[in-house]
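Everything below concerns the one structure shown next.
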Amino acid sequence: MSTTISNIKKRVLSPDEDFEVSITYDCLESYLLLKPCIPGKSYILEEVLEIISKEGIVNGVLTQEIVLALDAYNNTGEIAPKILIVKATPAIQGKNASVFLNFEIDIKPVLKVDADGNIDYRDVGFINNVEKGQLLARKTPLVEGKPGLNIYGEDVPPSHVRDDNFVSGKNTEVSENGLECYSTIDGQVLLKRKMINVSPVYTVPHDVDFSTGNISFNGSVIVNGNVLSGFTIKAQEDITVMGTVEASTLIAGGNIFIKTGFKGADKGLIKAKGSLTTKFVEAGNVECYGEMLVETSIINSNVICYANIKVTSSKGLIVGGEIKCIGNIFCNEMGSKLGVTTKVILGDKFFIRQRMDESQGEINQFQEQYSKIKKSLIPIQSLLNNLDSLAPAKKAQFEIILKQQELIKQQIDQLEAKKKKLMALYNVICRSKLYVMYHAFPNTAMTIGTSKKTLKEIFTNSSFYEDPIEKVITLGSHPPPENTTL
């Protein structure tokens, strides 16, 4: 094995200068070069070992390699190339620690292209959503190296290894071995100076527009601006908008608060599993499972609320559109002097009727399947009456058909029972009421429970409810039994 001249630190000549022992700069290797001065010169092992010993080389001497090199020359007379005769014990290098982050550090927009090649510039995805229990980071610990010995028997230290680590911040926890970091909540993961935090709130410092794209977040969203038309916010928890919501979509697993109001332009949609609080709703579509608290007005909107609706501050106006409310409605004005058609549906009957219709639709589908099977079995009824006399394969085939018929019949019976229960609920007394503090105007078409009434004149400081016996909408003059101020 040869080495370059530049790698040699020192050369030691024999007394007769007929061979040379060279040493590398790192003192980890030594080489032998034969330089015979006298024809027929014969080399012996001891003279090479003596030079090595005098040089102070004590580690890694390859005696067998020296013997082979000398024998090769002594037998052939050919000068051997530079031969490795000393190989020290190198240091075993360690490994730096490393941290794997299971989330993107620098999120870049990813534009989605549909089948027609259209790009949705709103759906760009800028949020690092994580779920409770999700792995956020994993550390591979450093491995310390082991020192070696050079040819002089001196320690050769390994290269320095660097440690690395993550810092567990808010809403995170570290595993018992200290090598893994997990999220303790659903939210957005953030990295700042190696500290990993998970925030339950995603804050938009300005409008929701093309710079933010649509937002889909595991926690709550706060928008310190407006939500412009065409954009969507989805949050598993609450949504707060400090400005106006235009013809956009807001879907929250919790409450929705809109400081200014909702201008839906007949396209916007708000769905809240909790309550909805806003200044006004104009030409919007709303589905609210909790209370709906509106400061000034609901105008020309389609609303479904599964609790109470309160529009009792300022104008407190509900006009136009269709309002469905399972609880009570409190407002100052209902309809308008101009006679704008305003539809109001109170109580849970519309919801129960919808479920009854869905159940009947399923019943019709199963009955159709049942009739087809029953019709197909008519020609083979005699065979069905004597199944045990049939061949096993044929018997198994018919038994499958009969089992399918039985299962369909069970489905029909279950749906009929469900429909019967819904009908019983449908006939329960409706206790929902409409409270109008000031004026209920003509052309207000109300349905309370199963009763309907369209106002032909103005009513003042009135309440409307269904008479449980007469099954008609009855007028009351008493004020609402609770404080309805927002």
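The numbers here are math on the coordinates, done by the rules we state, and not lab data. Because the structure is a prediction, the values reported are computed rather than measured. For neighbour counting, all protein chains shown are included, and Cβ atoms are generated from backbone atoms with ideal geometry for every residue, glycine included.
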Meets criteria (crowded, with 18+ Cβ neighbours inside 10 Å and more than 22 Å from Asn285 (Cα to Cα)) for Val204: yes
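Would you point out which residue out of Gln410, Gln397, Gln369 is part of a helix (DSSP H, G or I) and either touching a strand residue (DSSP E or B) at 6+ places or on another chain (Cβ under 6 Å) or surrounded by 13 or more Cβ atoms within 10 Å (Cβ to Cβ) (or both)? Reasoning before the result, please.
Working: Gln410 fails: either touching a strand residue (DSSP E or B) at 6+ places or on another chain (Cβ under 6 Å) or surrounded by 13 or more Cβ atoms within 10 Å (Cβ to Cβ) (or both); Gln397 fails: either touching a strand residue (DSSP E or B) at 6+ places or on another chain (Cβ under 6 Å) or surrounded by 13 or more Cβ atoms within 10 Å (Cβ to Cβ) (or both).
Every option except Gln369 fails the conditions.
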Subset of segment 333-344 [part of a strand (DSSP E or B) and surrounded by fewer than 21 Cβ atoms within 10 Å (Cβ to Cβ)]: Glu333, Lys343
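Tell me the residue from Ile318, Ile299, Ile233 that is more than 24 Å from Thr447 (Cα to Cα), part of a strand (DSSP E or B) and either in contact with a helix residue (DSSP H, G or I) (Cβ under 8 Å, 6 or more places away or on another chain) or among the hydrophobic types (A, V, I, L, M, F, W, C) (or both), please. Before the answer, list the steps.
Details: Ile318 fails: more than 24 Å from Thr447 (Cα to Cα); Ile299 fails: more than 24 Å from Thr447 (Cα to Cα).
So the residue among Ile318, Ile299, Ile233 that is more than 24 Å from Thr447 (Cα to Cα), part of a strand (DSSP E or B) and either in contact with a helix residue (DSSP H, G or I) (Cβ under 8 Å, 6 or more places away or on another chain) or among the hydrophobic types (A, V, I, L, M, F, W, C) (or both) is Ile233.
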Output for segment 24-81, where each listed residue is surrounded by fewer than 15 Cβ atoms within 10 Å (Cβ to Cβ) and of a type in the set (Ser, Thr, Tyr): Tyr25, Ser42, Ser53, Thr63, Thr76
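Restricting to segment 260-292, give me the number of residues that are surrounded by fewer than 22 Cβ atoms within 10 Å (Cβ to Cβ) and either of a type outside the set (S, T, N, Q) or assigned to a strand (DSSP E or B) (or both). Let's see the steps before the verdict.
So the first thing to find is which residues in segment 260-292 are surrounded by fewer than 22 Cβ atoms within 10 Å (Cβ to Cβ), and the list is 260-261, 263, 265-267, 269, 271, 273-275, 277, 279, 282-283, 285, 287, 289-291.
Filter again for either of a type outside the set (S, T, N, Q) or assigned to a strand (DSSP E or B) (or both), leaving 261, 263, 265-267, 269, 271, 273-274, 277, 279, 282-283, 285, 287, 289-291.
Number satisfying all stated conditions: 18.
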Options Ser451, Ser432: the member that is within 42 Å of the chain's Cα centre (by Cα) and of a type in the set (Ser, Thr, Tyr): Ser432
Scope segment 455-475; condition of a type outside the set (A, V, I, L, M, F, W, C), surrounded by 13 or more Cβ atoms within 10 Å (Cβ to Cβ) and not in a loop (DSSP other than H, G, I, E, B); matching residues: Asn461, Ser462, Ser463, Tyr465, Glu466, Thr474
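Which of the residues spanning segment 218-247 are in contact (Cβ under 8 Å) with a residue 60 or more places away in the chain and either aliphatic (A, V, I, L, M) or surrounded by 21 or more Cβ atoms within 10 Å (Cβ to Cβ) (or both)?
Taking segment 218-247 and keeping what is in contact (Cβ under 8 Å) with a residue 60 or more places away in the chain, we get 218, 230-232.
Across segment 218-247, the qualifying residues are Asn218, Phe231.
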